[in-house]
1. Name, by its number, the condition in (1) among the small types (G, A, S); (2) touching a residue at least 60 places away in the same chain (Cβ under 8 Å); (3) buried (at least 16 other Cβ atoms within 10 Å of the Cβ) that does not hold for S358.
2. Would you tally the residues in the range 433-465 being more than 27 Å from V160 (Cβ to Cβ) and without any contact (Cβ under 8 Å) to a residue 60 or more places away in the chain?
3. Find the residue count for the range 438-467, including only residues that are over 21 Å from E511 (Cα atoms), in contact with a strand residue (DSSP E or B) (Cβ under 6 Å, 6 or more places away or on another chain) and of a type outside the set (G, A, S).
4. Considering (1) over 28 Å from E183 (Cβ atoms); (2) at pLDDT below 85; (3) within 28 Å of the chain's Cα centre (by Cα), say which one E40 fails and leave the rest.
5. Tell me which residues, restricted to the range 346-381, are within 17 Å of A499 (Cβ to Cβ) and not in a helix (DSSP H, G or I).
6. List the number of the failed condition for A270; all other conditions in (1) outside any strand (DSSP E or B); (2) at pLDDT 75 or above; (3) surrounded by fewer than 19 Cβ atoms within 10 Å (Cβ to Cβ) hold.
7. State all residues of the range 373-400 that are of a type in the set (G, A, S) and within 30 Å of M296 (Cα to Cα); if no residue qualifies, say none.
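The values are calculated or read from the model by the stated rules, or taken from the named source; none is laboratory data. All of these numbers come straight from a predicted model, not from anything done at the bench. Here the Cβ is made from the backbone with ideal geometry for all residues, glycine too, and neighbour counts use every protein chain on show.
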Amino acid sequence: MAIDIKAPTFPESVAEGTVAAWHKKPGDSVERDELIVEIETDKVVLEVVAPEAGTLNDVMAEEGDTVESEQILGKIGDASASSSKEESSSEKSSSSNDSAEKTESKAESKPAGDGKKHDVKAPSFPESIQEGTVATWHKKVGEAVKRDEVLADIETDKVVLEVVAPADGALAEIKAEEGSQVESEAVLAIFAEGAGGESGGDSAPAAADTSSDDEGADEKVGDKILAPAARKMVAEHDLDVSRIESTGKGGRILKEDVQKAVKDGSAKKAAKSSAPAKAAAAPAVQGEREEKRVPMTRLRQTIAKRLVQAQQTAAMLTTYNEVDMTEIMALRAQYKETFQKTHDIKLGFMVFFVKAASEALKRFPDVNASIDGTDIVYHGYQDIGVAVSTDRGLGVPVLRDTDSMKIADVERTIVDFGKRGRDGKLGMDDMIGGTFTITTGGTFGSLMSTPIINPPQTAILGMHKIQDRPMAVNGKVEIRPMMYLALSYDHRMIDGKDAGRFLVTIKELLEDPARLLLDV
């Protein structure tokens, strides 16, 4: 009896996922709890393991397909059915006289090297993500790759998704060049099993030729011979065939030849061009005046959209205060070496703001609430998002249950968030949720700013640069390290009185850190 292989149960905020990579092929035997397939969402990759031992008989969702929560991906059965299927397939393959030599050669090297073609598809994006951008191709056409080796990176508004090889082989064709915008499950490339690699340097062109042969007969254009797949691509991009350099056998123009011409713009005969070609030809120079047009990254587009949405939907207001950082700086200076020796991590300023905000949120539950349609959701916990700047843009990973976290744990987690954010390794579990957010414009020298709320949260705290300023202290003018604080809040939920008192509470806790220990 066949056993269903199902997709994981996705969180409520994730509508769907993409089949990123099958680690087993139909006919392969699997053990219970062995990794079979990976499902990629907009933030993390989820692993699907075998529910029982057996043989993978059927794959119902190919790599790149979009799948919903608990959707059936394939079936596991007993080994006998698969064996008979393999024997039938083998007999059929051996009966073809035209491909006998190729089949025999590949069979000697490895059973999988039968030249089977796979569509390499983009991951299945969640409902909130419309498209992604091909950031990098790590492999070229004809270059040998191993199963599960990274072929390309797809950049979305939140994370960079990796597209891996479905088997040992080589890319036969790249359909979406770097910089291209692709939709969910769009075909990025054609992959040929057994091509390239151990069979030698001549195998890569052969793989490309084979992929072309599958699509029809060659066509002669002038003194050039076009492979069918190349002919299709030439028509799509309206290229001048005579200007395309051929690398195939007998002077044939292959798909990769056309792709190269599209990328460098060397064979254009009309204004019509693909998105990658536009990106390549973007820099325009007129005399000493240079302009460069580049597409906005997916993350930047989403940030822009959400910031505008927040301003349009929330009754946003900002209140300001300032905090004297003398006591915090003295405490940090006194214990930073001991803290580092004890916990093997440096003591920063953010931990004090996180702990002060946690205490203030307990006292002012409206600030810790969120708005869901016409409902107000009060949270009995404090999950504080900390804005992290990366090369790709701003991310807001979330510290969970900050009220119960020790200062060393807060600091260690923040450092980890920063490192993983720069490496593009923040996952979905890191980013979802959050009842309040702290952003740190002061890191970049900002003296004062107006932060924008992160919906559905109702408030956000902005930290700024610490700067020495003359202050009146006990009737005398003293130079003190001061920081401006900004609290932006949704006036639909929070009254100005509570917003002001909340900010004053944070100020008092920071100016007298003993209050954090004494809970006063």
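1. The failed condition is (2).
2. Total satisfying the criteria: 8.
3. 7
4. (1)
5. F364, P365, D366, V367, N368, A369, S370, I371, I376, Y378
6. (2)
7. The answer is G385, A387, S389, G393, G395.
Each row is one residue, and each column tells you yes or no for (1) assigned to a strand (DSSP E or B); (2) within 28 Å of G445 (Cβ to Cβ); (3) of a type in the set (S, T, Y).
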{"site": "A472", "(1), (2), (3)": "yes, yes, no"}
{"site": "V477", "(1), (2), (3)": "yes, yes, no"}
{"site": "R480", "(1), (2), (3)": "yes, yes, no"}
{"site": "M483", "(1), (2), (3)": "yes, yes, no"}
{"site": "M493", "(1), (2), (3)": "no, no, no"}
{"site": "K497", "(1), (2), (3)": "no, no, no"}
{"site": "G500", "(1), (2), (3)": "no, yes, no"}
{"site": "L509", "(1), (2), (3)": "no, yes, no"}
{"site": "L517", "(1), (2), (3)": "no, no, no"}
